[in-house]
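Enquirer: Starting off with a structure, shown below.
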Amino acid sequence: AADALGELGQPVALDYLVAALDTGDFNVRIAIAGALGRFDPAVVAPRLEKALGHANPRFRKAVCFALGRLKDPDLALGPLTQALPDPDEGVAKHAAFALAALGSPHAVAPLVNALQDPRPFVRATACEALRRLGRPEAGGWLGHTLQDPDATVRSAAAVALGAAGGDD
């Protein structure tokens with residue numbers, strides 16, 4: 001059904017798909033995110049950005065995933081950066097991984113900033129997202145993170161550096 005709505009390409013279908021991201025079924029949310037990719041990213045992104053204000057964290061996670069699927073850093077970078085400090089760690093995780101999925105060198109700065117988040121989970125997730133992004137300029141920041149007071153964060157930084165072949 002999500003694919004059929006995506007093929008329509010009509011604004012009413014777009015609004016329905018964005019609202020349907022609120023479903024509890026993960027597979028349905030994935031299908032909807034894929035269907036949203038059939039629309040013009042310039043039309044989808046503002047609706048998704050607005051949806052990041054939804055009260056339900058499960059919905060905000062799905063929105064982050066959909067923004068990452070747009071593969072348009074110019075449109076998705078700002079909303080995903082705003083979602084990184086979300087009080088729900090799952091939303092912050094989805095925002096970080098969606099930033100990495102964009103593949104843009106501009107995603108490095110917000111992920112590096114997330115290395116300063118007071119929550120160890122978010123810092124460790126930022127390390128993993130920087131590893132996935134694969135940008136060499138993140139190596140120095142990951143090296144500094146090897147001194148993090150939290151062992152999980154230090155481990156994530158070491159894995160990220162090892163994957164990049166970095167020694168710093």
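Enquirer: Test Gly90 against the stated conditions and say whether it is touching a residue at least 24 places away in the same chain (Cβ under 8 Å), open to solvent by 10 Å² or more (accessible area, probe 1.4 Å), within 29 Å of Ile32 (Cβ to Cβ) and in a helix (DSSP H, G or I).
Expert: yes
Enquirer: Then there's this: For the structure I just gave you, tell me whether Lys50 is closer than 23 Å to Pro110 by Cα, free of Cβ contacts under 8 Å to residues at least 12 places away in the same chain and open to solvent by 40 Å² or more (accessible area, probe 1.4 Å).
Expert: So Lys50 fits the description; yes.
Enquirer: Please go through the stretch 102-157 and give me each residue that is part of a loop (DSSP other than H, G, I, E, B) and closer than 25 Å to Pro79 by Cβ, ordered by number.
Expert: Gly103, Ser104, Leu115, Gln116, Asp117, Pro118, Arg119, Gly134, Arg135
Enquirer: Can you give me the number of residues within the stretch 34-52 that are in a helix (DSSP H, G or I), in contact with a helix residue (DSSP H, G or I) (Cβ under 6 Å, 6 or more places away or on another chain) and among the aliphatic types (A, V, I, L, M)?
Expert: Total meeting the criteria: 6.
Enquirer: So, one more: Of all residues being surrounded by 16 or more Cβ atoms within 10 Å (Cβ to Cβ) and modelled with pLDDT under 90 in the stretch 66-81, which is farthest from the chain's Cα centre (by Cα)? Just the residue, please.
Expert: In this case the residue turns out to be Leu70.
Enquirer: Being farther than 14 Å from Thr125 by Cα and outside any helix (DSSP H, G or I) is the filter here; which residues of the stretch 53-86 pass it?
Expert: Of everything in the stretch 53-86, those that are farther than 14 Å from Thr125 by Cα and outside any helix (DSSP H, G or I) turn out to be Gly53, His54, Ala55, Asn56, Leu70, Lys71, Asp72.
Enquirer: Only one of Gly9, Gly37 is modelled with pLDDT under 80, surrounded by fewer than 18 Cβ atoms within 10 Å (Cβ to Cβ) and at positive phi; which?
Expert: Criteria check complete, one pass: Gly9.
Enquirer: Which residue is most open to solvent (accessible area, probe 1.4 Å), if the candidates are limited to the stretch 113-168 and must be in contact (Cβ under 8 Å) with a residue 12 or more places away in the chain and among the polar types (S, T, N, Q)?
Expert: Asn113
Enquirer: Out of Pro105, Pro136, Pro149, I need the residue that is at pLDDT 95 or above, over 21 Å from Leu67 (Cβ atoms), more than 12 Å from the chain's Cα centre (by Cα) and not aliphatic (A, V, I, L, M). Which one?
Expert: So the residue among Pro105, Pro136, Pro149 that is at pLDDT 95 or above, over 21 Å from Leu67 (Cβ atoms), more than 12 Å from the chain's Cα centre (by Cα) and not aliphatic (A, V, I, L, M) is Pro149.
The values are calculated or read from the model by the stated rules, or taken from the named source; none is laboratory data. These figures come from a predicted structure and were not determined experimentally. FYI the Cβ positions are ideal-geometry reconstructions off the backbone, even for glycines, and counts take in every protein chain you see. Surface areas here come from the heavy atoms of the whole protein model, side chains and all, with no ligands, DNA or RNA. Shrake-Rupley method; radii C 1.70, N 1.55, O 1.52, S 1.80 Å.
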